[in-house]
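K.L.:
Here's a structure for you.
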Amino acid sequence: MTGSTGPHEMTDIRRAIDALDARIVELIGERQRWVERAAVAKRGQDAGAVRAPARVEQVIAKVRALAEQGGSSPAVVEASYRAMIGAFVELELRQHGGTNTGRTDTGRSD
């Protein structure tokens, strides 16, 4: 990439990023549906089964390796996944505890 871009190029770049964001949000929604199924499957187990720290670390190692293979920043991918997993764990804990019967956001403004 060159050091300077014109306004038209920035418009194209922003459109491409917006399109990627739409795909990412769709995939996050698909992941959420699987998390919700996991919450149902884990009913009757303790919260440790929901938090599953060993599984979290396994996922982090896997996505870091995928990032390295794909030319992405492993640090950015790890940070993104830790935030996403944390939000999903909170969602799953609410559903696991029976306090949430449907999909909702995490209550965060970020």
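Please treat every number below as a calculation from the coordinates, not as lab data. Source: prediction; values computed, not measured. Here the Cβ is made from the backbone with ideal geometry for all residues, glycine too, and neighbour counts use every protein chain on show.
K.L.:
Filter the stretch 18-39 for residues that are surrounded by 11 or more Cβ atoms within 10 Å (Cβ to Cβ) and farther than 14 Å from F88 by Cβ and give the result.
P.N.:
Hit for the stretch 18-39 is I24, nothing else.
K.L.:
Can you name every residue in the stretch 46-57 that is surrounded by 11 or more Cβ atoms within 10 Å (Cβ to Cβ) and either over 20 Å from the mean Cα position of the chain (by Cα) or assigned to a helix (DSSP H, G or I) (or both)?
P.N.:
Taking the stretch 46-57 first, the residues surrounded by 11 or more Cβ atoms within 10 Å (Cβ to Cβ) are 47, 49-52, 55-56.
Those that are surrounded by 11 or more Cβ atoms within 10 Å (Cβ to Cβ) and either over 20 Å from the mean Cα position of the chain (by Cα) or assigned to a helix (DSSP H, G or I) (or both): A47, A49, V50, R51, R55, V56.
K.L.:
Still on this structure, I have one more. Quickly run through the stretch 19-45 and pick out the residues that are outside any helix (DSSP H, G or I) and charged (D, E, K, R).
P.N.:
Within the stretch 19-45, the subset outside any helix (DSSP H, G or I) is 42-45.
Within the stretch 19-45, K42, R43 qualify.
K.L.:
Can I ask one more? Can R14 be described as under 17 Å from R94 (Cβ atoms) and either assigned to a helix (DSSP H, G or I) or out of contact with any helix residue (DSSP H, G or I) (no Cβ under 9 Å at 6 or more places or on another chain) (or both)? Reasoning before the result, please.
P.N.:
Numbers: under 17 Å from R94 (Cβ atoms): no; either assigned to a helix (DSSP H, G or I) or out of contact with any helix residue (DSSP H, G or I) (no Cβ under 9 Å at 6 or more places or on another chain) (or both): yes.
No.
K.L.:
Does the stretch 1-11 hold any residues that are hydrophobic (A, V, I, L, M, F, W, C) and not in a helix (DSSP H, G or I), and which are they?
P.N.:
M1, the sole residue that qualifies.
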